1. Quick check on the exposure proxy: order E161, E126 from fewest to most C-beta atoms within 10 angstrom.
2. Using only the alpha-carbon atoms, how far is helix 2-18 inclined from the longest principal axis of the chain? Give it as 0 to 90 degrees, nearest 10.
3. Find how much the distance from T96 to L129 grows on full extension, using 0.36 nm per residue of separation minus their present alpha carbon separation; answer in nm with one decimal.
4. Suppose each label sits 7 Å from its Cα in the direction of the beta carbon; what would the A23-L138 distance come out to in nanometres?
5. Taking every eigenvalue of the Cα gyration tensor of the chain, multiplying by 5 and rooting it, what semi-axes result, largest first, whole Å?
6. Ranked from highest to lowest mean number of other Cβ atoms within 10 Å per residue, what is the order of the peptides 73-81, 57-65?
7. Pop a pseudo-label 7 angstrom from the Cα along the beta-carbon direction at both V248 and Q159 and give the gap in nm to one decimal.
8. Would you please name the trypsin sites (Lys or Arg not before Pro) within region 170-254 that are DSSP coil residues with at most 16 other C-beta atoms within 10 Å of their C-beta?
Amino acid sequence: MRIQLLVACGALSLLPSCFSLGAQAQAGYGQMAVSGDLGYVSGSTSLNVRQDVESAFGLGDDQGAPYARAMVDFGVPQLSVSAFQFSDSGDGTLTTNFGDSPTLISGAPVHSDLDMMNVKAAYAFEIGLGPVSISPGLGVDYFDLDVKVRDLIGIASEQVELQAPIPIGFVRATLDLGPLDLLAEVGYSAVDVDDVSGSFLDIDAMLSYEVVGMLDLWAGYRSMNIQVDGLVDGDTVDTDLTISGFFVGGGLRF
């Protein structure tokens, strides 16, 4: 009995050296913009032609975007969750047909609204190399993208909605310089399921500075490229969109 007690006490005494728990919460605000091309035809057809989102739909100006991120560090494994929301609207002129409406045709002036929400959950395994850490991991990027296009005379409108949780593999690198921390993360996924093929690239970078005690100030950059080609809910969609921009904010370490 005494031997078992001594072994248990010895194991408990070693826990602080091999296990540590830390947490971080961050909030911020940024300026993001959409760029790229979008093609949409109602029904199954091979006549789908992409259109530039800036000239055809009037999108692409910088817009405000709230951002939040939380991370729990268990020592070697790390769990993080981040989210942002982004909206844009504008007027453009179609360069080809969009959907099957007789008024949404080439040369038609249109008004467009884009709304997007993204939530990313990631589980990484940190490999320490002095001040540098390399953390491979797996995650899920859920995005809800909604694009509505209507003619200016109010007769017809079309809507493209893409909702999906995308499993990704990623690599995260961090550099610890005392009060200054640098983080860079690249995630990627490729899918080819039934009538849909596509790829998803997510780039995340952040520079944080410990101001005093638990308080941090940070600046970051986020870029997401979404490519989808195929039948979505029975309609032909062909997209190559990038949503990117810079953020600033503050955070607490526990």
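Only the coordinates and a few stated rules stand behind these numbers; no lab work does. In this text the structure is predicted, and so the values were computed from the model without any measurement. Heads up, the Cβs are rebuilt from the backbone with ideal geometry, glycines too, and the neighbour counts pull from every protein chain shown.
1. On the way: E161 14, E126 18.
The order, fewest Cβ neighbours first, is E161, E126.
2. 50
3. Numbers: separation 33, 0.36 × 33 = 11.88 nm, distance 5.36 nm.
Here the segment from T96 to L129 would lengthen by 6.5 nm.
4. Between A23 and L138, the simple spin-label model gives 2.6 nm.
5. Sorted largest first and rounded, they come to 45, 20, 13 Å.
6. Values: 73-81: 15.6, 57-65: 18.4.
My ranking of the peptides, most packed first, is 57-65, 73-81.
7. A separation of 3.7 nm, rounded to one decimal place.
8. Of the trypsin sites (Lys or Arg not before Pro), not one in the loops of region 170-254 has a Cβ with at most 16 other Cβ atoms within 10 Å.
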